[in-house]
Each structure stands twice: as structure tokens, then as C-alpha cells.
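Encoded as C-alpha cells, the structure appears first; notes follow it.
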Amino acid sequence: MFNGDTVGLPQNEESVNSCRGNRNVVLEGTNDYRYILDPQGNSTGWHFSDDGGRTLTNEGRLQALTGPDGSTLPSGGTRSTWPATVATSSTPAI
């Protein structure tokens with residue numbers, strides 16, 4: 001498990017997997033509490049390793065989406081006022 005945080009905020013509910021074609025490529029997703037410091041409130045974190053998980057190559061938080069009504073929808077969490085169409089966003093995968 002990775003934690004690239006440098007300010008002491010937790011990351012939990014980790015999900016980790018490696019690429020079938022190259023086991024050195026490891027990607028992890030987390031609830032990232034650094035969202036407290038993010039002006040957009042993005043709380044879905046990601047961590048990337050290209051050496052089988054021995055070291056952390058890169059990390060960050062998924063960016064917010066623009067909702068159908070033009071509002072900003074932060075990554076992670078749910079809000080009852082958000083339409084179900086957010087899940088079908090045309091935003092390209094990273």
C-alpha cells in the first residue's frame with residue numbers, strides 16, 4: 001500500500017491491482033483525505049508504481065467533472081442532487 005501524503009492526512013479503503021501483461025505496473029485507488037486541502041474537494045486518490053510496488057512512481061487525486069448543468073462535481077463521494085448521468089461522463093480515462 002502506498003501513501004504519498006506529506007501533511008499527515010489519512011488514506012483508506014485501498015484497492016490495489018497489477019497489470020496482467022506487466023506485473024511491474026501497479027495501480028492503487030484510495031479515499032484520499034487530502035481533499036480537505038483541495039479547493040475542489042476531490043477525494044479519490046490514485047497511486048502508481050512501475051517496479052512491482054517497491055516504490056511509488058507517481059500519485060495524485062482524480063480531477064473534478066463538469067456536470068450536465070455546468071456545476072463542478074468533485075471526484076469521490078455522492079451527493080443526492082447529482083444526476084445519475086455523471087457516471088456516463090465522456091471524460092477520457094487517465
### Query
Of the residues in segment 11-54, how many are in a loop (DSSP other than H, G, I, E, B), at pLDDT 95 or above and in contact with a Ser or Thr (Cβ under 7 Å, 6 or more places away or on another chain)?
2
### Summary
Scanning segment 27-57 residue by residue, those over 30 Å from G67 (Cα atoms) and either in contact (Cβ under 8 Å) with a residue 12 or more places away in the chain or among the hydroxyl-bearing types (S, T, Y) (or both) turn out to be S49, D50, D51, G52, G53, T55, L56, T57
#### Entry: In segment 55-80, the residues that are more than 9 Å from the chain's Cα centre (by Cα), assigned to a loop (DSSP other than H, G, I, E, B) and more than 17 Å from D5 (Cα to Cα)
A64, G67, P68, D69, G70, S71, P74, G77, T78, R79, S80
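The values are calculated or read from the model by the stated rules, or taken from the named source; none is laboratory data. Since the model is a prediction, treat every value here as computed from it, not as a measurement. When we count neighbours, we look across all protein chains shown, and the Cβ atoms used for this are built from the backbone with ideal geometry, even at glycine.
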